[in-house]
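Notes follow once the structure below has been shown.
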Amino acid sequence: MTPLSVPQQTALVDRLAGACGGAYPPGTRRKYFISGPQWAAAYEGQALFHAPTREPVAFEDVIRHYGEIGVGYWTTHDTDVIPAAMLGKEEQWEVVERIKKALSEAGVDCSMVTTETFHHAVFAAGPAAESPEIREYAAFRLRNTVKIGHELGAGYAVYWPGSLGYQVQGAIDEVQTLRWYADGLNAACEIDIEIARKRGRPTLKHCLEAKPFEPQAEILLPTSDAMLAFIASGLLKHPEMVGLNPEYLHELMWGGAPRAALARALLAGKLWHFDINDGYRLKHDVDIAVGLVNPLDWLNVLVLLRSYGYNGPFNLDYKPPRTTSAYGVWKVSFPTAVDRFITLWEMAGEVIADPVIKEASDALKAGAGAASTDPEVVAAANRELLTLHELIGHRLFQILVGQHRGRLYSL
Ligand code: GLT
Ligand code: MN
Ligand code: MN
């Protein structure tokens, strides 16, 4: 092949993206409760060892692009869109008005707001540090985000307490820190109740998001299960207002099974919001797009969520790789992530309706009818039935690669 100039490269990306086929029209994409984060689309590719590879982008552009590709919901941190110095001041409401205008022009709704309690220097020791003025500032930020959320029409608030932890052992009192963290959430819930009453709106759903490592060395609430225990600890004044926003990769990072973590959240009635992405076990938070690493597991996750009627948002908490250009973010990153999600969601419907899987699952549940308490007899009676577990695994693979629809390889 001959070397390609930049305009030729763009044309090639366009042509090959088209050649992939299988893209859903924006109207189809909008039928799903899929949200696009401001921070994901505006990510410039920077990291501890990495300089940015993309230029800054304004929220108006992000919202417009989401609308164009058919992502109907938008999510943001307070400081993604409002500089920290402006928060709580009159000027913040001018920005909020600009956001409302951009959303309405793009036909996009704000579904979730979240408070950044990890980037600014004031949060060096986390949002629940010993110093009362740091905690008072954190509470102000949480309350302020709730106000902005109501103004933008959001239904959810997310909290990622990744800076709630420590670098140096023994330096903080974990019990006290968790109590202080609960005080912050209580402040957010109380102002929410007040505003919701005044505006005649429902209160927000306040969702905790766990990540097992980063940015603190040790994290006080590292998993969704730890958060369920925290919600039930008695420290929250309104535990019924607080649930979970698990992130697929964050459960995988600690070596857990995301599907099992989601099942535990469902059982507790706390699966309210879900960050969708992909990545690797026991590695850092690479935030790869959904389905690019673990498509079979993702299919199974969506079978679980469809089976148990999850109807909350799917938030594209995915960072376009540093190798993708600003053009590629909208040409490739987000549309293809959305389309893989939709495909996997529809395939999950096929799994649920699949006659082979259905008959195998029903048979497993019917058991062998061995009228005995002798384990030898019971095991022998079920011996052939249990082979169906592996057969179900094979059938799921066939559905993933389309063999159930007649895709054949003849050698
Ligand atoms: C940060 C984190 C994400 C969270 C965001 C919400 S912030 O990017 O890594 O997983 O969802 O605060
Ligand atoms: Mn996340
Ligand atoms: Mn992540």
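The values are calculated or read from the model by the stated rules, or taken from the named source; none is laboratory data. Predicted, not measured: the structure shown is a model, and the values here were computed from it. Don't worry about glycine lacking a Cβ; one is built from the backbone with ideal geometry, like all the others, and counts go over all protein chains shown. Only protein heavy atoms, including side chains, enter the accessible area calculation; ligands, DNA and RNA are left aside. Shrake-Rupley method; radii C 1.70, N 1.55, O 1.52, S 1.80 Å.
So what's the net charge close to Arg322: Lys and Arg +1, Asp and Glu -1, counting the other residues with Cβ under 10 Å from its Cβ?
Once all neighbours under 10 Å are counted, the net charge is +1.
Given N residues in the stretch 198-252, what is its alpha carbon radius of gyration divided by 2.2 N^0.38 Å?
Here the answer is 1.31, to two decimals.
Kirkwood Rh, Cα Rg: Rg to Rh for the stretch 1-130?
Rounded to two decimals, Rg over Rh is 1.06.
List the aspartates and glutamates whose alpha-carbon lies under 12 Å from that of Lys358, not counting same-chain residues fewer than 8 positions away?
Within the straight-line limit of under 12 Å, Lys358 reaches these aspartates and glutamates: Glu350.
Say the dipole of the stretch 1-88 comes from +1 at the beta carbon of Lys and Arg and -1 at that of Asp and Glu; which of Ile69, Ala41, Val6 then lies farthest toward its positive end?
Value computed over the given set: Ile69.
Can you pull the percent of Cα pairs in the stretch 208-337 with separation above 23 Å? Don't skip to the answer; put the middle values down first.
Working: 2838 of 8385 pairs.
Counting pairs separated by more than 23 Å, the tail of P(r) holds 34 percent.
Can you list, bin by bin at 5 Å, the percent of alpha carbon pairs in the stretch 92-172, starting at 0?
Each 5 Å bin holds this share of Cα pairs: 3, 14, 20, 20, 14, 12, 8, 5, 2, 1, 0.
List the trypsin sites (Lys or Arg not before Pro) within the stretch 1-95 that DSSP assigns to loop and that have no more than 13 neighbouring Cβ atoms inside 10 Å.
Sites meeting the loop and neighbour criteria: Lys31, Lys89.
How many percent of Cα pairs in the stretch 356-409 exceed 12 Å?
Pairs farther apart than 12 Å: 68 percent.
For a quick check: with amide H placed at 1.01 Å from N, whose amide H comes under 5 Å from Cys207's, ignoring anything fewer than 5 positions away on the same chain?
Amide H neighbours of Cys207, under 5 Å, 5+ apart: Ala157, Val158, Tyr159, Gly243.
Please sort through the DSSP H helices of the chain and keep those with an alpha-carbon extent of at least 27 Å along the long axis and a Kyte-Doolittle average not below -1.0.
Those that clear 27 Å and a mean of -1.0 are 132-152, 174-199, 334-353.
Kindly write out, for the stretch 271-279 in residue order, the coupling ³J(HN,Hα) from the Karplus curve 6.51 cos²θ - 1.76 cosθ + 1.60 (θ = phi - 60°), rounded to whole Hz, with x marking Gly and Pro.
8, 10, 8, 9, 8, 10, 6, 7, x
Determine the alpha carbon to alpha carbon distance for each of Lys89/Lys198; Lys270/Lys365; Lys100/Lys147; Lys211/Lys319; Lys198/Lys270; Lys147/Lys205 and list only those over 18 Å.
Working: Lys89/Lys198 21 Å; Lys270/Lys365 27 Å; Lys100/Lys147 14 Å; Lys211/Lys319 16 Å; Lys198/Lys270 26 Å; Lys147/Lys205 14 Å.
Where the Cα-Cα span goes over 18 Å, the pairs concerned are Lys89/Lys198; Lys270/Lys365; Lys198/Lys270.
Scattering from the C-alpha atoms of the stretch 131-260 alone, worked out with Debye: what is log10 I(q)/I(0) at q = 0.10, 0.14 1/Å?
Taking Cα atoms of the stretch 131-260 as identical point scatterers yields -0.33, -0.64.
What accessible area per residue comes out for the chain, rounded to a whole number of Å², with a 1.4 Å probe? Before the final figure, lay out the partial values.
Details: 19910 Å² over 411 residues.
That works out to 48 Å² per residue.
Enter the Cα centre distance for the pair the stretch 344-411 and the stretch 262-333, rounded to the nearest angstrom.
26
Go through 340-351, 91-102, 41-52, 293-304 and give me the packing order, highest mean Cβ count within 10 Å leading.
293-304, 340-351, 91-102, 41-52
Relative contact order of the stretch 270-341, please, whole-number percent, based on alpha carbon pairs below 8 angstrom and at least 6 residues apart.
Working: 75 pairs, mean separation 27.7, N = 72.
Computed over the stretch 270-341, the figure is 38 percent.
When 1/r is averaged over all different Cα pairs and the result inverted, which Kirkwood radius in Å belongs to the stretch 64-201? Please list the in-between numbers first.
Working: mean 1/r = 0.0626 Å⁻¹.
Evaluated over the stretch 64-201, this radius sits at 16.0 Å.
Report Rg/Rh for the chain, rounded to two decimals, where Rg is the Cα radius of gyration and Rh the Kirkwood radius. Each step should come with its number before you reach the end.
Numbers: Rg = 23.4 Å, Rh = 23.2 Å.
Over the Cα atoms of the chain, Rg/Rh equals 1.01.
What nm distance separates the two modelled labels at Arg197 and Lys237, each placed 7 Å from Cα along Cα→Cβ?
Roughly 1.1 nm, to one decimal.
What fraction of the Cα pairs in the stretch 254-411, stated in percent, has a spacing above 30 angstrom?
31
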